[in-house]
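Novice: Shown below is the structure under consideration.
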Amino acid sequence: MKTYKPTSKSRRQMTNVMYRGVLTKTTPEKSLTHGFRRSVGRNSQGRITTRHKGAGHKRLYRDVDFLYDKKDIPAKIKSIEYDPNRSAFIGLAFYKDGEKRYVVLPKSVKPGDSFIVSEKAELTNGNRLPLKNIPVGTFVYNVEVKPGGGAKIGRSAGIFAQVVANADGYSNLKMPSTEIRKVRETCWACIGTVSNDEHHLENYGKAGRSRWKGIRPTVRGTAMNPVDHPYGGGEGRQGRGTKRPKTMWGKVTGGRKTRHPKKYSNIFIVSRRKTGKSRKS
């Protein structure tokens with residue numbers, strides 16, 4: 001991690017990932033980029049559905065390949081690049097047939113390294129193959145939920161899922177959340193751990209960096225008026241005044257289960273995730 005001299009109060013705490021020596025290219029491949037408009041927490045009607053989002057630096061979208069539909073064609077990583085739209089590093093892959101694509105990179109990959117998407121691929125870092133061909137104990141990322149549906153699980157920086165069992169047409173995966181879930185053995189996954197594993201150690205240090213990222217301030221409920229929040233009002237600093245913690249709309253939080261008992265994917269969960277401060281992976 002990169003630290004800074006304490007030239008100000010915010011600079012004292014600020015840390016950043018050491019990009020120098022890791023990234024090999026500063027400008028993206030023009031043919032694989034396009035402009036886009038971020039939702040910033042709004043739905044199709046323009047109403048805020050997720051609070052604390054908005055503004056932030058303008059971004060250029062990189063078309064990252066999550067389908068991996070070019071099978072049995074070797075590819076070579078030409079560059080390691082930063083992507084403002086995700087926490088992991090991306091790499092420009094040159095396939096042997098001449099096509100270029102961006103892919104999410106695994107940990108410890110270097111320019112010049114190669115990978116292949118094949119059922120007969122070796123169990124090496126970055127290769128992609130079906131879960132039925134991956135032995136128990138292997139770390140995987142970019143995992144499909146449905147065969148041919150593209151990578152959905154394990155795409156963030158430093159993340160991986162672990163294969164813990166293969167039986168009855170399913171593979172049991174231990175998720176980053178500690179949940180153990182069944183996924184069809186015909187789904188594909190990449191071998192390894194996602195790059196930029198120091199991302200979670202980053203400290204913004206000041207409010208301005210959050211605003212650059214598009215994160216708006218979060219106001220405490222106790223600092224609001226009674227009309228705005230169940231915790232609002234009172235002379236001086238008051239307790240919340242309610243038996244259970246609530247959201248600003250009165251919905252109970254902290255302890256109440258929110259998962260629907262008839263959710264379609266319940267049958268695929270072998271073990272629910274561990275919660276609380278004492279959670280162990």
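The values are calculated or read from the model by the stated rules, or taken from the named source; none is laboratory data. Quantities reported herein were computed from a predicted structural model and do not represent experimental measurements. Cβ atoms come from the backbone with ideal geometry, glycine included; neighbour counts cover every protein chain shown.
Novice: Just one of the numbered conditions (1) part of a loop (DSSP other than H, G, I, E, B); (2) of a type outside the set (Val, Ile, Thr); (3) within 17 Å of residue 185 (Cβ to Cβ); (4) touching a residue at least 24 places away in the same chain (Cβ under 8 Å) is not true of residue 158; which one?
Specialist: Only one criterion is unmet by residue 158, namely (3).
Novice: Counting only residues that are in a helix (DSSP H, G or I) and touching a residue at least 60 places away in the same chain (Cβ under 8 Å), which one in the range 211-223 is surrounded by the fewest Cβ atoms within 10 Å (Cβ to Cβ)?
Specialist: Filtering the range 211-223 for residues that are in a helix (DSSP H, G or I) and touching a residue at least 60 places away in the same chain (Cβ under 8 Å), the one surrounded by the fewest Cβ atoms within 10 Å (Cβ to Cβ) comes out as 212.
Novice: Name every residue in the range 23-55 that is surrounded by 14 or more Cβ atoms within 10 Å (Cβ to Cβ) and over 18 Å from residue 208 (Cα atoms), in order of residue number.
Specialist: Result: 23, 24, 25, 28, 29, 32, 33, 38, 41, 42.
Novice: Can you pull out the residues in the range 264-281 that are farther than 27 Å from residue 49 by Cα, at pLDDT below 90 and not hydroxyl-bearing (Ser, Thr, Tyr)?
Specialist: The initial filter retains those residues of the range 264-281 that are farther than 27 Å from residue 49 by Cα, namely 267-272, 274, 277-281.
Checking which are at pLDDT below 90 leaves us with 272, 274, 277-281.
Residues satisfying the conditions are 272, 274, 277, 279, 280.
Results for (1) over 20 Å from residue 132 (Cα atoms); (2) charged (D, E, K, R); (3) more than 23 Å from the chain's Cα centre (by Cα), shown as yes or no for each residue.
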residue: 183; (1), (2), (3): no, no, no
residue: 202; (1), (2), (3): yes, yes, no
residue: 211; (1), (2), (3): yes, yes, no
residue: 229; (1), (2), (3): yes, no, yes
residue: 243; (1), (2), (3): yes, yes, yes
residue: 260; (1), (2), (3): yes, no, yes
residue: 266; (1), (2), (3): yes, no, no
residue: 276; (1), (2), (3): yes, no, no
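Novice: Next question, about the same structure. Which of (1) within 30 Å of residue 116 (Cβ to Cβ); (2) more than 19 Å from the chain's Cα centre (by Cα) does residue 83 not meet, given it meets every other one?
Specialist: The one condition residue 83 does not meet is (2).
Novice: Sticking with this one: Within the range 182-210, how many residues turn out to be touching a residue at least 60 places away in the same chain (Cβ under 8 Å), crowded, with 16+ Cβ neighbours inside 10 Å and farther than 18 Å from residue 87 by Cβ?
Specialist: 5
Novice: From 230, 226, 261, grab the single residue that is part of a loop (DSSP other than H, G, I, E, B), under 27 Å from residue 166 (Cα atoms) and either among the β-branched types (Val, Ile, Thr) or modelled with pLDDT of 90 or more (or both).
Specialist: On the way: 230 fails: under 27 Å from residue 166 (Cα atoms); 226 fails: under 27 Å from residue 166 (Cα atoms).
261 is the lone residue from the list that is part of a loop (DSSP other than H, G, I, E, B), under 27 Å from residue 166 (Cα atoms) and either among the β-branched types (Val, Ile, Thr) or modelled with pLDDT of 90 or more (or both).
Novice: Looking at 198, 179, which is the one that is modelled with pLDDT under 95, of a type outside the set (S, T, N, Q), within 18 Å of the chain's Cα centre (by Cα) and closer than 26 Å to residue 14 by Cα?
Specialist: After applying the criteria, what remains is 198.
Novice: Let me ask another. Picking from 50, 33, which residue would you name as being among the polar types (S, T, N, Q) and in contact with a Lys or Arg (Cβ under 7 Å, 6 or more places away or on another chain)?
Specialist: None of the other options fit; the residue is 33.
Novice: Same structure, new question: May I ask you to say which residue of 113, 97, 72 is acidic (Asp, Glu), at pLDDT below 95 and surrounded by 14 or more Cβ atoms within 10 Å (Cβ to Cβ)?
Specialist: The unique qualifying residue is 113.
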